[in-house]
Amino acid sequence: MDRERVIRFLEHELHVNVHGGLRADTSLIESGALDSLGILRLALWIENEVGRSLDPSTIQLPTDWNTIDSILAFIARTRNHDRSAATR
Amino acid sequence: MTGVPQPGEMTLRATSSGDTARIPLRMTRYEVVPYSDEFQDTVIDISRFLSPDSLERRRAYFQWKFLDNPYVDPMIYLAKSGDRVVGMRAFSGTKWEVDGSEYMIPCATNLVVLPEHRQRGIVRQIMEVAHTDLARRGFPIAINLSARPITHIASLSMGWRGAGPLEDVRRGTISDPRPRPGIGRVQRRVQRLWRRAIGYAKRRVTGSRPPFKRFDQAVVRSPRHGIAVDRYPWADSMAGLVKRLPYDGRLRHVRDPQYLEWRYRNPLSDYRFVYRQQHGVLEGYLVIGTKAREHAPEVEAYIVDWEASSAEVRAALLEAVLDWDAFEALAVWQGCFDASVRALLARHGFETTETDISITSPRRTVLMRPLGRADRQDAWTLGGRSLLEIGNWDVRMIYSDGF
């Protein structure tokens, strides 16, 4: 998963629009760039990316999904976790 | 600022990350003010976006929920655009106990944003003001027992957390009434119409009516020894029973006569109280609730509270209700009950309706947020108990404003 893909989703599907354009560290949640519906759609997209449902008790939304970099890290972390769980 | 704001009209706060925080163009600045009496008609008016009920019923509901609330004055935060109220978040007063200590806790309830002001960051602005004000007033935490998926995820994004599922089990055939996210508006509408059509067809075929009509007829036709049914709470006796029963110290709403008298006057719900007495002493009660809808007779009923002095009394109450066979579906949150009660429910055909745990289709839970600093060591505890463990909560449907 690369940054460009996340940015494309945020801009084209969720219509996130910030001054100066999206960057890896642009605040999405804390700044209000993503509203409730946007966060819900982002959640559906991330669930699709990792291939499973996400337990809300395992996610700290304000930090885990606040920036493009944190979203990428979350997806990578979840995939790694699932891979190691599968090999156990 | 006056007039309807335009996208990009005003930019907002920087975040903790300083200049790296980009500002959304759609964000609009609203003035958020606390409720005062002058807003009463407006609040009742915009609540039409939450409920199809008539103005009269919405007024009665407002009176009951906020003005007659036994604990606090209305805790409602209003977003204004110019002179116009365009959104609100309300909290109702609740009183909880844990290990013998009592706490007033605001419970998040009605959330309304006028359609033309959605997706502008209004909810976050209201909630930020609400969190600050509720903390200033000394409340330790705020909770939400009735969040639907979109409110649920919005709450999580603002630092709220869930305690784990309340375990909805039901007996009967009514499908989960909660809207599923991820499906389109048209599809939801079709599903709703389909459910309504099925319900109508069933009522035509079976001759059934809203549940308490059948229920009341069945009670008269087949009285049960030692069991009484009433339309009103025996508040003193019920509170007395709760006080007499062993208490394990979990977080639960205080059920004293004052609360019970008030709670069961909800004008948007109907209740029946099934009592078991021995020698003039109340030994158990089971309360059934339904939504008292004007236009769509409810065919689903809920066990909103249930207490008994023994397993035998508890079973007798449930079996009486099931023998009267008045409901197409009956649901209860079983998370608060021990293994023996769960087994009793399972023996009588109650099954879980929840399958997957998902952030996009969350189970009913206790959502909460500390009102002080969330990073403090004890922020997520109350009375020494962790708030994030559902096993520390004893939550009945009646504590939620959804019933």
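The values are calculated or read from the model by the stated rules, or taken from the named source; none is laboratory data. Just so it is clear, the structure is predicted and the values come from calculations on it, not from any experiment. A quick note on method: Cβ atoms are made from the backbone with ideal geometry, for glycine too, and the neighbour counts reach across all protein chains shown.
Could you tell me whether the range B:383-395 includes any residue that is among the polar types (S, T, N, Q), outside any loop (DSSP other than H, G, I, E, B) and modelled with pLDDT of 95 or more? Among the residues of the range B:383-395, at least one is among the polar types (S, T, N, Q), outside any loop (DSSP other than H, G, I, E, B) and modelled with pLDDT of 95 or more, which makes the answer yes.
Scanning the range A:56-67 for any residue that is within 30 Å of B:E354 (Cα to Cα), part of a helix (DSSP H, G or I) and in contact with a Pro (Cβ under 6 Å, 6 or more places away or on another chain) turns up at least one such residue. Could you say whether any residue in the range B:31-53 is in contact (Cβ under 8 Å) with a residue 60 or more places away in the chain, in a strand (DSSP E or B) and within 30 Å of B:A379 (Cβ to Cβ)? Yes: one or more hits. Residues in the range B:240-265 that are touching a Phe, Trp or Tyr at 6+ places or on another chain (Cβ under 8 Å) and surrounded by 20 or more Cβ atoms within 10 Å (Cβ to Cβ): B:L241, B:L251, B:H253, B:Y264.
Summed over the range A:65-77, the residues that are surrounded by 14 or more Cβ atoms within 10 Å (Cβ to Cβ) and more than 12 Å from every other protein chain (Cβ to nearest Cβ) give a count of 3. Say we look at the range A:1-24 and pick out the residues that are under 18 Å from A:V50 (Cα atoms) and hydrophobic (A, V, I, L, M, F, W, C); which of these is modelled with the lowest pLDDT? The selected residue is A:M1.
Of the residues A:L22, A:L34, A:L28, the single one that is within 12 Å of the chain's Cα centre (by Cα), under 13 Å from A:D69 (Cβ atoms), assigned to a loop (DSSP other than H, G, I, E, B) and within 10 Å of chain B (Cβ to nearest Cβ) is A:L28. Residue pairs whose Cβ atoms lie under 6 Å apart, separated by 6 or more positions or on different chains, with the first residue in the range A:49-61 and surrounded by 13 or more Cβ atoms within 10 Å (Cβ to Cβ) and the second assigned to a loop (DSSP other than H, G, I, E, B), are A:S53/B:D356; A:S53/B:S358; A:L54/B:I359; A:D55/B:I357; A:P56/B:I359; A:P56/B:P362. Just to be sure I understand, how many residues within the range B:100-134 are more than 21 Å from B:Y30 (Cα to Cα) and among the aliphatic types (A, V, I, L, M)? Residues that pass the stated criteria total 2. When every residue of the range B:360-379 is checked against the conditions, none turns out to be assigned to a helix (DSSP H, G or I) and either without any contact (Cβ under 8 Å) to a residue 40 or more places away in the chain or under 30 Å from B:P149 (Cβ atoms) (or both).
Scanning the range A:38-57 for residues that are at the interface with chain B (Cβ under 8 Å from one of its Cβ atoms) and within 14 Å of the chain's Cα centre (by Cα) yields A:G38, A:I39, A:L40, A:A43, A:L44, A:E47, A:S53, A:L54, A:P56. What number of residues in the range B:141-154 are within 9 Å of chain A (Cβ to nearest Cβ) and either in a strand (DSSP E or B) or more than 25 Å from B:D305 (Cβ to Cβ) (or both)? Going through the range B:141-154 one residue at a time, the tally reaches 4.
Note on the range B:27-72: residues that are surrounded by 19 or more Cβ atoms within 10 Å (Cβ to Cβ) and at pLDDT below 85 amount to 2.
Kindly list the number of the only condition in (1) buried (at least 20 other Cβ atoms within 10 Å of the Cβ); (2) over 17 Å from B:G159 (Cα atoms); (3) at the interface with chain B (Cβ under 9 Å from one of its Cβ atoms); (4) of a type in the set (A, V, I, L, M, F, W, C) that fails for A:V6. Among (1) buried (at least 20 other Cβ atoms within 10 Å of the Cβ); (2) over 17 Å from B:G159 (Cα atoms); (3) at the interface with chain B (Cβ under 9 Å from one of its Cβ atoms); (4) of a type in the set (A, V, I, L, M, F, W, C), A:V6 violates only (3). Consider the range B:82-123 and keep the residues that are crowded, with 21+ Cβ neighbours inside 10 Å and assigned to a helix (DSSP H, G or I). The one that is nearest to the other protein chains (Cβ to nearest Cβ) is B:V123. Here B:R272 fulfils each of the conditions (1) basic (K, R); (2) under 30 Å from B:S386 (Cβ atoms); (3) within 21 Å of the chain's Cα centre (by Cα) apart from (2). When the range B:345-389 is filtered for residues that are under 23 Å from B:L318 (Cβ atoms) and of a type outside the set (D, E), the ones remaining, listed by number, are B:L345, B:A346, B:R347, B:H348, B:G349, B:F350, B:T352, B:T353, B:R364.
On inspection, A:R52 qualifies as in a loop (DSSP other than H, G, I, E, B), at pLDDT 90 or above, among the charged types (D, E, K, R) and out of contact with any strand residue (DSSP E or B) (no Cβ under 9 Å at 6 or more places or on another chain). B:D356 passes every criterion in (1) at pLDDT below 95; (2) buried (at least 18 other Cβ atoms within 10 Å of the Cβ); (3) farther than 19 Å from B:I398 by Cβ; (4) over 16 Å from the mean Cα position of the chain (by Cα) apart from (2).
Only one of the numbered conditions (1) modelled with pLDDT under 95; (2) within 17 Å of B:F49 (Cα to Cα); (3) within 14 Å of chain A (Cβ to nearest Cβ) is not met by B:M158, and that is (2).
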